[in-house]
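Input: one structure, supplied below.
The values are calculated or read from the model by the stated rules, or taken from the named source; none is laboratory data. In this text the structure is predicted, and so the values were computed from the model without any measurement. Positions of Cβ are backbone-derived with ideal geometry, glycine not excepted, and every protein chain shown enters the neighbour counts. With ligands, DNA and RNA removed, areas are computed over all heavy atoms of the protein, side chains included. Shrake-Rupley method; radii C 1.70, N 1.55, O 1.52, S 1.80 Å.
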Amino acid sequence: MAEKYFIKTNFDLCTGCCLCQLACSMRLLGGYNPHRALLRIEHAGENLYHFPTVCNQCANPYCANVCPVQAIRRDPATGAMVVDHEQCVACNLCHRYCPIGVVGVDVELKKSVKCDLCDGAPRCVAACPTGALELAVGGEVNHG
Ligand code: SF4
Ligand code: SF4
């Protein structure tokens, strides 16, 4: 057993600036595309409220449980659930079963993509100017 790392969201601090999506998509794609970033920012109340949604790196992850080829596995170094693109067959079952919709087949890469905590130093957390995103530790996961 090991500790679980995840990105905690403090939505009351979020200004909706989307710098987190910029940092995320720059790492994934080498350019800015908020629609393909691995975290979502929803704007509500005539742009008064902003809600970041990021993978919870669940202790019992539905995405990994339903994957028919076991392509999603936990990285023991970071605690993140990571997609093995060599194995992914792009069936998108992970997306269908994720309760918050933050994993799934990318339109251009044709492979499932999800937050992998940037190998332990999440770019979105570093880019967020308000502390609305923070790397947190909590609970335990079974790496077996
Ligand atoms: S899209 Fe890839 S990672 Fe997702 S369930 Fe299918 S094979 Fe597994
Ligand atoms: S960078 Fe921080 S404040 Fe800006 S949208 Fe993302 S979570 Fe919100």
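Touching a helix residue (DSSP H, G or I) at 6+ places or on another chain (Cβ under 8 Å), outside any loop (DSSP other than H, G, I, E, B) and open to solvent by less than 80 Å² (accessible area, probe 1.4 Å), is that true of Leu28?
Taking the combined requirement at face value, the residue satisfies it.
So that you can scan it fast, the table gives a plain yes or no per residue for (1) open to solvent by 60 Å² or more (accessible area, probe 1.4 Å); (2) touching a Lys or Arg at 6+ places or on another chain (Cβ under 6 Å); (3) β-branched (Val, Ile, Thr):
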| position | (1), (2), (3) |
| --- | --- |
| Asn33 | no, no, no |
| Arg36 | no, no, no |
| Ile41 | no, no, yes |
| Glu46 | yes, no, no |
| Pro52 | no, no, no |
| Cys55 | no, yes, no |
| Pro61 | no, no, no |
| Ala77 | yes, no, no |
| Asp84 | no, no, no |
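Could you tell me whether Val107 is of a type in the set (Val, Ile, Thr) and surrounded by 17 or more Cβ atoms within 10 Å (Cβ to Cβ)? Talk me through it step by step, then tell me what you get.
On the way: of a type in the set (Val, Ile, Thr): yes; surrounded by 17 or more Cβ atoms within 10 Å (Cβ to Cβ): no.
Taking the combined requirement at face value, the residue does not satisfy it.
Table: residues versus (1) more than 18 Å from Thr78 (Cβ to Cβ); (2) at pLDDT below 95; (3) within 10 Å of ligand 2 (Cβ to nearest atom).
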site	(1), (2), (3)
Lys8	no, no, no
Leu13	yes, no, yes
Arg36	yes, yes, no
Asn47	yes, yes, no
Pro52	yes, no, yes
Cys55	no, no, no
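Under the condition of being of a type in the set (Gly, Ala, Ser) and not in a strand (DSSP E or B), which residue from segment 37-84 is nearest to Thr15 (Cα to Cα)?
Within segment 37-84, the subset of a type in the set (Gly, Ala, Ser) is 37, 44-45, 59, 64, 71, 77, 79-80.
After this cut, where a residue has to be not in a strand (DSSP E or B) as well, the list is 37, 45, 59, 64, 71, 77, 79-80.
Values: Ala37: 17, Gly45: 13, Ala59: 29, Ala64: 32, Ala71: 35, Ala77: 32, Gly79: 28, Ala80: 26 Å.
Ranking the candidates gives Gly45 first.
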